[in-house]
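**Q** Below you'll find the structure I mean.
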Amino acid sequence: MTAGTVDDWVGLLKFRNEKFKSIKHNNLQEKYILALSIRVSELCLDAVILLNNRRISSVPVILRSALESYVDLQCCIRDVNHPSFMTKAQHWRLYELHKHINSGAAEEYKKLGKKLSVWERFKKAELVELYNAYYSYLSMHSHGNVGALAENSDGEKVILGSAYDDEKSLQYFDQAINLVALSIKDVLVFYHFDSDSIEYPAKIIDKINKKL
């Protein structure tokens, strides 16, 4: 049985829209914190829509991206300079993309870039345990490896379509609600909202974590 409910989900999104519309960002750190939180909730919404349509194969991929955005959100809260590190990491990815097709452009990106791995971001956010457990699990089910392929098999038979699992679907649903509630709460704390506002997502997080 899922810990989170549809009312929790709908309520969180309405609550986010109500609270976030009053937030004004004054610098790049504040802008990134707001944008990353919104990205987390929008990715999780995509995951829930898939689950509601009994499409589960892509859900780990989406939740993994949401988790990466949540980790960057945590890094931005902890470090005012993290947005610049994200920009350098983007330039490094562009360097790796262009180095085999356009050496001139690649060298320019290389000068501006610096690699920032997912592992380094989790360490910076002090979320190593989350990396070792949750992120690694999602990664295992995000690639076309044995772990992912096994889900579309029933003994010797390969299942046509997206294999649906009720228990796993409920787990993903709870994880999506938890990530959204966490990202909303962290923004409200960062922007010094009153305790009553922070209490709402905090209660949902507590309810989900008792189940997880």
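The values are calculated or read from the model by the stated rules, or taken from the named source; none is laboratory data. Please read all numbers here as calculations on a predicted model, not as lab measurements. Cβ: placed from backbone, ideal geometry, glycine included. Neighbour counts: every protein chain shown. For accessibility, only protein heavy atoms count, side chains too; no ligands or nucleic acids. Shrake-Rupley method; radii C 1.70, N 1.55, O 1.52, S 1.80 Å.
**Q** Among the residues of region 113-135, write down those that are over 16 Å from Glu68 (Cβ atoms) and surrounded by 14 or more Cβ atoms within 10 Å (Cβ to Cβ).
**A** Gly113 - this is the single residue of region 113-135 that is over 16 Å from Glu68 (Cβ atoms) and surrounded by 14 or more Cβ atoms within 10 Å (Cβ to Cβ).
**Q** Let me ask something else about it. How about region 91-106: which of its residues are outside any helix (DSSP H, G or I) and exposed (fewer than 14 other Cβ atoms within 10 Å of the Cβ)?
**A** Kept after step one, since they are outside any helix (DSSP H, G or I), are these residues of region 91-106: 99-102.
Passing the criteria: His100, Ile101, Asn102.
**Q** Here's a follow-up. Within region 186-199, can one find any residue that is open to solvent by less than 60 Å² (accessible area, probe 1.4 Å), assigned to a helix (DSSP H, G or I), at pLDDT 90 or above and more than 24 Å from Pro83 (Cα to Cα)?
**A** Step one: list which residues in region 186-199 are open to solvent by less than 60 Å² (accessible area, probe 1.4 Å), which gives 186-188, 190-191, 193, 197-198.
Adding the requirement that they be assigned to a helix (DSSP H, G or I) leaves 186-188, 190, 197-198.
This time we only want the ones that are at pLDDT 90 or above, so: 186-188, 190, 197-198.
Pick out the ones that are also more than 24 Å from Pro83 (Cα to Cα) and you get 197-198.
There is at least one residue in region 186-199 that is open to solvent by less than 60 Å² (accessible area, probe 1.4 Å), assigned to a helix (DSSP H, G or I), at pLDDT 90 or above and more than 24 Å from Pro83 (Cα to Cα).
**Q** Looking at region 93-125 only, could you name the residues that are under 22 Å from Ile33 (Cα atoms) and either of a type in the set (Asp, Glu) or in contact (Cβ under 8 Å) with a residue 12 or more places away in the chain (or both)? Steps first, please.
**A** From region 93-125, those under 22 Å from Ile33 (Cα atoms) are 93, 113-125; that's our starting set.
The answer is Arg93, Gly113, Lys114, Lys115, Leu116, Val118, Trp119, Glu120, Arg121, Phe122, Lys124, Ala125.
**Q** Under 7 Å by Cβ, and 6 or more places apart or on different chains, what pairs join a residue from region 57-80 that is under 16 Å from Ser142 (Cα atoms) and open to solvent by 50 Å² or more (accessible area, probe 1.4 Å) with one that is of a type outside the set (Phe, Trp, Tyr) and not in a helix (DSSP H, G or I)?
**A** Ser57/Ser162; Val61/Ser142
**Q** Which numbered condition trips up Tyr164, out of (1) outside any helix (DSSP H, G or I); (2) touching a helix residue (DSSP H, G or I) at 6+ places or on another chain (Cβ under 6 Å); (3) at pLDDT below 80?
**A** (2)
**Q** Just name the residue that is modelled with the lowest pLDDT out of those in region 107-120 that are assigned to a helix (DSSP H, G or I) and of a type in the set (Lys, Arg). Talk me through it step by step, then tell me what you get.
**A** Step one: of region 107-120, the residues assigned to a helix (DSSP H, G or I) are 107-112, 118-120.
Subsequent filtering for residues that are of a type in the set (Lys, Arg) retains 110-111.
On the way: Lys110: 88, Lys111: 91.
By that ranking, first place goes to Lys110.
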